[in-house]
Every structure is written in C-alpha cells, then in structure tokens.
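Worksheet: the structure to be examined is printed underneath.
The values are calculated or read from the model by the stated rules, or taken from the named source; none is laboratory data. Remember, it's a predicted structure, so these values are computed and weren't measured experimentally. FYI the Cβ positions are ideal-geometry reconstructions off the backbone, even for glycines, and counts take in every protein chain you see. Just the protein is used for accessible areas: all its heavy atoms, side chains included, with ligands, DNA and RNA removed. Shrake-Rupley method; radii C 1.70, N 1.55, O 1.52, S 1.80 Å.
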Amino acid sequence: MSKAIVSSLYDSDVFRMACRQFDQAADAINLPDAIRDRTKYPRRCLAVALPIKRQDGSVTVFEGYRVQHNLSTGPSKGGIRFHLDVTLGEVAALAMWMSWKCSLVGLPFGGAKGGVIVDPHQLSESELEHLSRRYMQEVINFVGPHSDVPAPDVGTNEKIMGWMMDTYSNHVGHVEPAVVTGKPISLGGSQGRHESTGFGVAYVVQKYLDDLNIPIKEATVAIQGFGNVGQHTALALANYGAKIIGVSDISGGVYNERGIDVKKALEYMRTQKVIRDFDGGEAITKEQLFPLKCTVFVPAALERAITAENAPLLQCRMLAEGANGPTTNEADKIIEDRGDIEVIPDTLCNTGGVIVSYFEWLQNLSNYYWDRDEVMRKLFALLDKAKDAVEAQKRKYKFSRRLAAQTIGIQRVADAKQSRGLFP
Ligand code: GLU
C-alpha cells in the first residue's frame, strides 16, 4: 500500500496518468512499500517568473518550471518545452517518464523536464532569446553538467540551447558545453543529435516490422505531429523504403495513398511552419488521420493524443510512440483488449534523442568528438540492446510491451535507491 503524504502540487490528468502507469508497473514487480513512493514522486521542482521586455516596450511575465524526478544514478536529464499548454503537472509527468526511459537504456541519468508557458511562434527572435536566457538565469543554481542537463523538447531547438549554454558559461566564467545538450554543432553539439529521436523511432520500427515478417517496402505509415520527431521519423522510414501515406499537425493533415514526397513536405514545413495547404496530397483534417488504414501509426506530437474515442478507430498493425505519453491509460486498455496492434511504447521507441544527448554530454566532458557514423552506430547498438531487454522481460513475465519497458526502468531506479539507502 502506498503511504505517501502528498499535496496536489502536480495534480493533473497527465500526472495521474504517469502515476497510474507507475502503480501498475510497481504492482507487477512487487516493488516493496519502503521503496515505492521514493521511486515514484519527483525529487524537487522549481517554478520561476520570467519578465521579458517586448519589442513594443511593454513587459510580459512568463511562468516556467523545472522538475527533477530522480537524481540517484547521475545528473537528471530532459528537455525544456515552450508551449502554451505547459503545466507543472505535465512537466512532472514528463520528468517521470524521462527517468524510466534513461534507466531502460542504461544511461547514467535520472529524469527531469522543464517548461515555459508560451507560444514561441508569437515571439520575435530577440524576445525568444531574452526568454531563453532568462529561463537559464533563473534555474542556474538548479542545473549543471553534474546535476541536471536540459535539452530541446517541443517548441525549443538548437539555437535556444546555444543561448542557454552561453548564459550558463558566462555565469560560471568558462565555457561549459556539457550543461545542455542538443546544441548547435559549432558549440559542441553532437553529430546526429538533431535527427536522433526520429531516426531512432524509425530504426526501432523497422526492427519490429522485421520481427513481424512485414517487408518495410510494403509498409505504409501515418504520422500524427510533424515537428522535429515526426519529420525525421518520416524521412528515415521513407529512406528505408516505407510509404508515408498521411501526416498531420495542429493545422490539419495530408493524405496520399501513393506516398507523400517527404523531402518536399520537409521543405514546405521549413518555410510554411504548418502542413496545411501542402499540395503533395489530399487535404484531410487531423481527426481523419486516426482511422487511416496503415501498417504503422506514429503519434509524434503531445501526450494523450490516442484516447478512448479514437483508439477503437485505429486501423494500424503497429503503434510506434514517437511522443512521450501519447496514449491514455484508457486507450491503452482498449488497444490491449483489441489485441491486433503491436505497441512500441515511448519508453523504448523515442529514446534515440536522449541517447544521443548522452553521447553529446560525453563528448563535451571529454573534449573528444565523434563522427556521425560512430554516433549512429552507437545509437543503434543501444536501441538494439534496449529492445532485446524489453522483449526478454515481456516473454518472461507475459507483460505487455509497455509494462515490460516500464518495469525494467522502474526496477533499476528502485534498485539504485535501495543500494544508496536513505539519508537520515
Ligand atoms: N526532449 C527529449 C525527450 O523527451 C530529449 C531529452 C534529452 O535529450 O535530454 O526525450
């Protein structure tokens, strides 16, 4: 029985969802009471006010957060999200998922996440720079190469990481590239980091298609969310020979049964920012993407996109979670009961990003830089290892693949906490 005395600080649909997943996993591995709540709840959080002078001379105060879920096995690790829907509870749930993800892959990191309530597209370049620098300034004593290492997430990118690295380095008085990952290459960013999450998703998908004896050249793919992860998943799967038949984002979607020209779609996104009106196929609504008949459906946007309403409509053979927490617990149950869809859970499927972040951090700390082939080879090797571990756990305990991935991650964090003991 859980004995935690907790406040409602993080309470939200998404945090409850992450907690429910944890409880199921903890029950499945009989995690002892004495270690359960220590493993489950975030270690600490910081909320900051970020006043920014706007171009018209006015001042806007934005609110930001950083949540560190677990620091037992190394610095905490996780992106910073700039999005209007950011809440402390969401950031806490995402931090928790980062812990299981890092642990499953065997990275020496705990989980963390940050966020600012803002639509970055509504800011000018200099406003965005001020906000990014101010965020780093406010969390400066909370982060560091050996305590907590941020990275990009939804709404943030290399440029923002560069400003944050510069702000931190100025503060400490020397260059400190290892304080954030996902930086521009010119500032110590790793080769391959930009495309690593999507390329990792695609790599895992083609491995699982192989297991199912489905030739990749016969596979059709629908992708919900066409930001960094969605775009690079599309690009890599198309390079493997799959046909991308549908993509969608906040603005709408495109369907083309003969296959969307991904390079053209990416070029369109670079200039137009949203997929609406892309002429490489037939226009569809974002809702119309879910029932598309396809081999692989990839949610690559925000959490809780696959719901009890649209889960029964899915007509895919495989659900490959490029996003974090894209499937609600209710939808997960529906999909499990249906039994006709292979779920490749987020904990395994989208780890490519944080794996290459780990490589970037290693390269920064050692001041020795790898070429792209080396990065990709090492990325795929770690993904293979994690996939094998998940499949072994799934077989051994007859778990779902999600439960298998999460129980491995959770068990390792719990073991580390157990070994360290409890500071009096
Ligand atoms: N934001 C990414 C994720 O959710 C990457 C985190 C990182 O590289 O630290 O996995």
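Asp11: among the acidic types (Asp, Glu), open to solvent by 20 Å² or more (accessible area, probe 1.4 Å) and either farther than 22 Å from Arg412 by Cα or in contact (Cβ under 8 Å) with a residue 40 or more places away in the chain (or both), yes or no? Steps first, please.
Details: among the acidic types (Asp, Glu): yes; open to solvent by 20 Å² or more (accessible area, probe 1.4 Å): yes; either farther than 22 Å from Arg412 by Cα or in contact (Cβ under 8 Å) with a residue 40 or more places away in the chain (or both): yes.
Answer is yes for this residue.
Within segment 311-327, how many residues turn out to be over 19 Å from Phe226 (Cα atoms) and open to solvent by 10 Å² or more (accessible area, probe 1.4 Å)?
4
Within segment 100-116, is even one residue assigned to a helix (DSSP H, G or I), within 15 Å of the ligand (Cβ to nearest atom) and touching a His at 6+ places or on another chain (Cβ under 9 Å)? I'd like the intermediate steps shown before the answer.
First, pick out the residues of segment 100-116 that are assigned to a helix (DSSP H, G or I): 100-105.
Adding the requirement that they be within 15 Å of the ligand (Cβ to nearest atom) leaves 100-105.
Next, only the ones that are touching a His at 6+ places or on another chain (Cβ under 9 Å) stay: none.
No, every residue in segment 100-116 fails to be assigned to a helix (DSSP H, G or I), within 15 Å of the ligand (Cβ to nearest atom) and touching a His at 6+ places or on another chain (Cβ under 9 Å).
Within segment 359-370, can you find the residues that are assigned to a helix (DSSP H, G or I) and open to solvent by 30 Å² or more (accessible area, probe 1.4 Å)? Steps first, please.
The first filter runs over segment 359-370 and keeps only residues assigned to a helix (DSSP H, G or I), leaving 359-366.
Matches in segment 359-370: Leu362, Leu365, Ser366.
Give the residue, chosen from Thr351, Thr347, Thr328, that is touching a residue at least 60 places away in the same chain (Cβ under 8 Å), away from the ligand (no atom under 16 Å from the Cβ) and of a type in the set (Val, Ile, Thr).
Values: Thr351 fails: away from the ligand (no atom under 16 Å from the Cβ); Thr347 fails: away from the ligand (no atom under 16 Å from the Cβ).
The match here is Thr328.
Could you please give the count of residues in segment 143-161 that are open to solvent by less than 20 Å² (accessible area, probe 1.4 Å) and assigned to a loop (DSSP other than H, G, I, E, B)? Walk me through it before giving the result.
Applying the first criterion (open to solvent by less than 20 Å² (accessible area, probe 1.4 Å)) to segment 143-161 yields 143-145, 148-151, 156, 160-161.
Pick out the ones that are also assigned to a loop (DSSP other than H, G, I, E, B) and you get 143, 145, 156.
Here the count works out to 3.
Going through Lys398, Lys333, Lys417, Lys378 one at a time, which residue ends up being without any contact (Cβ under 8 Å) to a residue 40 or more places away in the chain and either in contact with a Ser or Thr (Cβ under 9 Å, 6 or more places away or on another chain) or within 16 Å of the ligand (Cβ to nearest atom) (or both)? Outline the logic, then answer.
Numbers: Lys398 fails: either in contact with a Ser or Thr (Cβ under 9 Å, 6 or more places away or on another chain) or within 16 Å of the ligand (Cβ to nearest atom) (or both); Lys333 fails: either in contact with a Ser or Thr (Cβ under 9 Å, 6 or more places away or on another chain) or within 16 Å of the ligand (Cβ to nearest atom) (or both); Lys417 fails: without any contact (Cβ under 8 Å) to a residue 40 or more places away in the chain.
After ruling out the rest, the residue left standing is Lys378.
Can you list residue pairs whose Cβ atoms sit under 7 Å apart, with the first residue in segment 130-157 being of a type in the set (S, T, N, Q) and the second being open to solvent by 10 Å² or more (accessible area, probe 1.4 Å) and more than 15 Å from the ligand (Cβ to nearest atom)? Count only pairs 6 or more apart in sequence or on different chains.
Short answer, once both residue conditions are applied: Ser132/Trp163; Gln137/Thr167.
Restricting the search to segment 62-115, which residues are more than 24 Å from Glu391 (Cβ to Cβ) and out of contact with any strand residue (DSSP E or B) (no Cβ under 9 Å at 6 or more places or on another chain)?
Listed by number, the list holds a single entry, Gly89.
Scan segment 299-310 and give yes if some residue there is surrounded by fewer than 19 Cβ atoms within 10 Å (Cβ to Cβ), among the polar types (S, T, N, Q) and over 13 Å from the mean Cα position of the chain (by Cα), otherwise no.
Within segment 299-310, one or more residues are surrounded by fewer than 19 Cβ atoms within 10 Å (Cβ to Cβ), among the polar types (S, T, N, Q) and over 13 Å from the mean Cα position of the chain (by Cα).
I'd like the full set of residues that are without any contact (Cβ under 8 Å) to a residue 40 or more places away in the chain and touching a strand residue (DSSP E or B) at 6+ places or on another chain (Cβ under 9 Å), limited to segment 225-246.
Correct list: Gln231, Ala234, Ala238, Lys243, Ile244.
Give the residues of segment 328-358 that are of a type outside the set (Asp, Glu), crowded, with 24+ Cβ neighbours inside 10 Å and part of a helix (DSSP H, G or I), sorted by residue number.
First, the residues of segment 328-358 that are of a type outside the set (Asp, Glu): 328-329, 331, 333-335, 338-339, 341, 343-345, 347-358.
The next check asks that each one be crowded, with 24+ Cβ neighbours inside 10 Å; those that pass are 344-345, 347-358.
Thr347, Leu348, Cys349, Gly352, Gly353, Val354, Ile355, Val356, Ser357, Tyr358 - these are the residues of segment 328-358 that are of a type outside the set (Asp, Glu), crowded, with 24+ Cβ neighbours inside 10 Å and part of a helix (DSSP H, G or I).
Considering every residue within segment 217-224, establish whether at least one is touching a residue at least 24 places away in the same chain (Cβ under 8 Å), in a helix (DSSP H, G or I) and open to solvent by less than 30 Å² (accessible area, probe 1.4 Å). It would help to see each step written out before you state the result.
We begin by selecting, within segment 217-224, every residue touching a residue at least 24 places away in the same chain (Cβ under 8 Å); these are 217-224.
Those still in the list that are in a helix (DSSP H, G or I) too: 217-218.
Narrowing further to those that are open to solvent by less than 30 Å² (accessible area, probe 1.4 Å): none.
No, there is no match, as no residue in segment 217-224 is touching a residue at least 24 places away in the same chain (Cβ under 8 Å), in a helix (DSSP H, G or I) and open to solvent by less than 30 Å² (accessible area, probe 1.4 Å).
Tell me the residue from Ser76, Ser132 that is within 16 Å of the ligand (Cβ to nearest atom) and under 19 Å from Phe359 (Cβ atoms), please. Spell out how you get there, then give the answer.
Working: Ser132 fails: under 19 Å from Phe359 (Cβ atoms).
None of the other options fit; the residue is Ser76.
What is the residue count in segment 393-424 for residues that are surrounded by 10 or more Cβ atoms within 10 Å (Cβ to Cβ) and not in a helix (DSSP H, G or I)?
So the first thing to find is which residues in segment 393-424 are surrounded by 10 or more Cβ atoms within 10 Å (Cβ to Cβ), and the list is 393-395, 397, 399-418, 420.
Cutting the leftovers down to not in a helix (DSSP H, G or I) gives us 399-400.
Summing the residues that are surrounded by 10 or more Cβ atoms within 10 Å (Cβ to Cβ) and not in a helix (DSSP H, G or I) in segment 393-424 gives 2.
Would you check which residues across segment 169-216 are away from the ligand (no atom under 16 Å from the Cβ), surrounded by fewer than 23 Cβ atoms within 10 Å (Cβ to Cβ) and either in contact (Cβ under 8 Å) with a residue 60 or more places away in the chain or on the phi > 0 side of the Ramachandran plot (or both) and list them?
In the first step, residues of segment 169-216 are kept if they are away from the ligand (no atom under 16 Å from the Cβ); the result is 169-176, 186, 205-216.
In the following step, the residues that additionally are surrounded by fewer than 23 Cβ atoms within 10 Å (Cβ to Cβ) were identified as 169-176, 186, 206-208, 210-216.
Result: Gly173, Lys207, Tyr208, Leu212, Asn213, Ile214.
Is it true that some residue in segment 61-71 is of a type outside the set (S, T, N, Q) and without any contact (Cβ under 8 Å) to a residue 24 or more places away in the chain?
Of all residues in segment 61-71, those of a type outside the set (S, T, N, Q) come to 61-67, 69, 71.
This time we only want the ones that are without any contact (Cβ under 8 Å) to a residue 24 or more places away in the chain, so: 61.
So far as segment 61-71 goes, yes, one or more of its residues are of a type outside the set (S, T, N, Q) and without any contact (Cβ under 8 Å) to a residue 24 or more places away in the chain.
One line per residue, one yes/no per condition, for (1) under 16 Å from Val180 (Cβ atoms); (2) assigned to a strand (DSSP E or B):
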| site | (1), (2) |
| --- | --- |
| Phe62 | no, yes |
| Val67 | no, yes |
| Asn70 | no, no |
| Ile80 | yes, yes |
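Confirm whether Arg81 is at pLDDT 95 or above and either surrounded by fewer than 18 Cβ atoms within 10 Å (Cβ to Cβ) or touching a Phe, Trp or Tyr at 6+ places or on another chain (Cβ under 8 Å) (or both). Can you show your working first?
On the way: at pLDDT 95 or above: yes; either surrounded by fewer than 18 Cβ atoms within 10 Å (Cβ to Cβ) or touching a Phe, Trp or Tyr at 6+ places or on another chain (Cβ under 8 Å) (or both): no.
Judged against the criteria, Arg81 is not a match.
Checking Ala386 against (1) buried (at least 17 other Cβ atoms within 10 Å of the Cβ); (2) closer than 19 Å to Ile341 by Cβ, which single condition isn't satisfied?
Every listed condition holds for Ala386 apart from (2).
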